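A.B. asks: Take this structure first; my questions come after.
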Amino acid sequence: MDNLIESLTHNPLVFMTAVLLVFLISYFIFKQLFKLFLLFLIILLAVGGYYYFKDPKAASENIRHVLTVVKDKTAHTVDKGKEAYETGKDLVGKAQDFNKSVDKLLGADKEKKPDEKSSPKEN
C-alpha cells in the first residue's frame, strides 16, 4: 500500500492515470447525476466568467450576490413545491372520501346485474 501511494505521489503520469480511471468508473456508475453536476458546473463557470470579464475587481462580490439570489429562489421554489404536494395530497384524500360517500349512497353491497345481451335466453 505504501508503494502505491509513493508511486502516485512521485509519478504524475501514474497519478493522472489513476484519477482518470476513478473518473471513468464514477462516470459510468453515476452517469445521470454526473451529467447534471457537469451542467451545473458549466453554468456556474459561465456566470463566473461573465462577471469576471465584466468587472474583474468586483467579480467575487457579484458571484456571491448571484449565489445568494439563486439560493433564496431555490428555497422559495422548494417551499412552493411542498405546498403543491400537500394540496394534492389533501385533494386525493377528499376524493377518496367522496367516493366512499357515493358508494354508501348507491349501496356498497349491491350486486352487479349481468349484461342482458351476453346472458343466454331461455325459449
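A.B. asks: For the range 47-72, give me the residue count where each residue is exposed (fewer than 10 other Cβ atoms within 10 Å of the Cβ) and not in a helix (DSSP H, G or I).
C.D. replies: So the answer is 2.
A.B. asks: Under 6 Å by Cβ, and 6 or more places apart or on different chains, what pairs join a residue from the range 19-31 that is surrounded by 10 or more Cβ atoms within 10 Å (Cβ to Cβ) with one that is part of a helix (DSSP H, G or I)?
C.D. replies: 27/34
A.B. asks: Within the range 34-46, can one find any residue that is within 18 Å of the chain's Cα centre (by Cα), surrounded by 10 or more Cβ atoms within 10 Å (Cβ to Cβ) and at pLDDT below 80?
C.D. replies: Scanning the range 34-46 turns up at least one residue that is within 18 Å of the chain's Cα centre (by Cα), surrounded by 10 or more Cβ atoms within 10 Å (Cβ to Cβ) and at pLDDT below 80.
The values are calculated or read from the model by the stated rules, or taken from the named source; none is laboratory data. These numbers come from a predicted model, not from an experiment. We place every Cβ from the backbone using ideal geometry, glycine too, and count neighbours over all the protein chains shown.
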